[in-house]
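The values are calculated or read from the model by the stated rules, or taken from the named source; none is laboratory data. Only a predicted model underlies this, so the values are computations on that prediction, with no experimental measurement involved. Every residue, glycine among them, receives a Cβ derived from its backbone with ideal geometry; neighbour counts consider all protein chains shown.
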Amino acid sequence: MNEIQSLVLGLVQGLTEYLPVSSSGHLAILSHFFGLDGESSLMFTIMVHVATVLSTVVILRREIAALLKGVFDTTTPLWNEERRYAAAILVSMIPVGIVGVFFKDYVEEVFGSGLFIVGVCLLITAALLTFSYYARPRQKEEIGLWDAFVIGLAQAAAVMPGLSRSGSTIATGLILGNKKEKLAQFSFLMVIPPILGEALLDVLKAFKDTGEAATTAIPVSAYAIGFLAAFISGCVACKWMINLVKKGKLVYFGIYCAVVGVFCMIFS
């Protein structure tokens, strides 16, 4: 991987982590045409994912600070708004935690990460986004624990390459009747612990398999460029996506996913 490739991959990762078009799918597409294999770029993938988590923390720093303050505030009732919200985030992490720890390798082994499966999953993402646009369920004031768990199931399913995590979770929340004004923030906050946990598991796996982190063939400059590109583009995309969800414009991303999905299936 050279510096130009790392720049492109970092920019794409940062943008597509938040836009409902599947970051894993787009990275798989670019890696395919760049001629990169997954093993040699594992640590790079981990770093750009961590960069996007950092961009979430920066953009939502006030919301995170207010949430933590409420959770640890001993002067408020036991079940205050912040603790209820934190509980919903924890519940949403259960499905992806189970899948990530016990079934991620199995899913990757069975379905692989070729362009055809990426295309199929992008078409599923397109269908979800389109259905959520036309669905008109009764609106709920808060994201309850059951809804959080179902949204978490959607996040767990997004381990499939091409199935957008943000698209799946936000679309599922909309179909359940949760208000779009609250869904983007919830979707972005709920992914912080799973991404960091997955990064840790991948690092441990790399050390277990090779005895050292898989950093070969990638210069330090490429890591730095990719990290900065993912962080900066992630900050832009995170803020942009929150506004897009409020305006309900996700159906256009559904059209995009459908077009790219068909392209992947044709050229797989």
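Brief remarks on what is shown
- Among the residues here, G114 does not qualify as closer than 29 Å to L30 by Cβ, buried (at least 17 other Cβ atoms within 10 Å of the Cβ), modelled with pLDDT under 90 and of a type outside the set (A, V, I, L, M).
- Taking the conditions (1) touching a Lys or Arg at 6+ places or on another chain (Cβ under 9 Å); (2) in a helix (DSSP H, G or I); (3) farther than 19 Å from G25 by Cα; (4) modelled with pLDDT of 85 or more in turn, A184 satisfies each one other than (4).
- Among residues of the range 241-268 being of a type outside the set (S, T, N, Q) and surrounded by fewer than 14 Cβ atoms within 10 Å (Cβ to Cβ), the one that is modelled with the lowest pLDDT is G248.
- The requirement of being closer than 24 Å to A156 by Cβ, among the aromatic types (F, W, Y), part of a helix (DSSP H, G or I) and without any contact (Cβ under 8 Å) to a residue 40 or more places away in the chain is not satisfied by F33.
- Of all residues in the range 1-32, those satisfying the criterion of being touching a Cys at 6+ places or on another chain (Cβ under 7 Å) and either among the aliphatic types (A, V, I, L, M) or surrounded by fewer than 20 Cβ atoms within 10 Å (Cβ to Cβ) (or both) are V21, I29.
- Yes/no for R84 being modelled with pLDDT of 85 or more and surrounded by 13 or more Cβ atoms within 10 Å (Cβ to Cβ): yes
- Residue tally, condition surrounded by fewer than 16 Cβ atoms within 10 Å (Cβ to Cβ), part of a helix (DSSP H, G or I) and free of Cβ contacts under 8 Å to residues at least 24 places away in the same chain, over the range 44-78: 7
- Of the numbered criteria (1) buried (at least 16 other Cβ atoms within 10 Å of the Cβ); (2) at pLDDT below 90, the one V91 fails is (2).
- Qualifying residue in the range 31-38 (condition: on the phi > 0 side of the Ramachandran plot, more than 14 Å from the chain's Cα centre (by Cα) and not aromatic (F, W, Y)): yes
- Flag for T216 being assigned to a loop (DSSP other than H, G, I, E, B), polar (S, T, N, Q) and either crowded, with 18+ Cβ neighbours inside 10 Å or modelled with pLDDT under 80 (or both): yes
- The single condition from (1) touching a Ser or Thr at 6+ places or on another chain (Cβ under 6 Å); (2) without any contact (Cβ under 8 Å) to a residue 40 or more places away in the chain that G162 fails is (2).
- Condition broken by V99, with the remaining ones in (1) at pLDDT 85 or above; (2) within 16 Å of the chain's Cα centre (by Cα) satisfied: (1)
- Test: F131 is at pLDDT 85 or above and surrounded by 13 or more Cβ atoms within 10 Å (Cβ to Cβ): yes
- Scanning the range 156-177 for residues that are crowded, with 24+ Cβ neighbours inside 10 Å and of a type outside the set (A, V, I, L, M, F, W, C) turns up P161, G162, S164, R165, S166, G167, S168, T169, G173.
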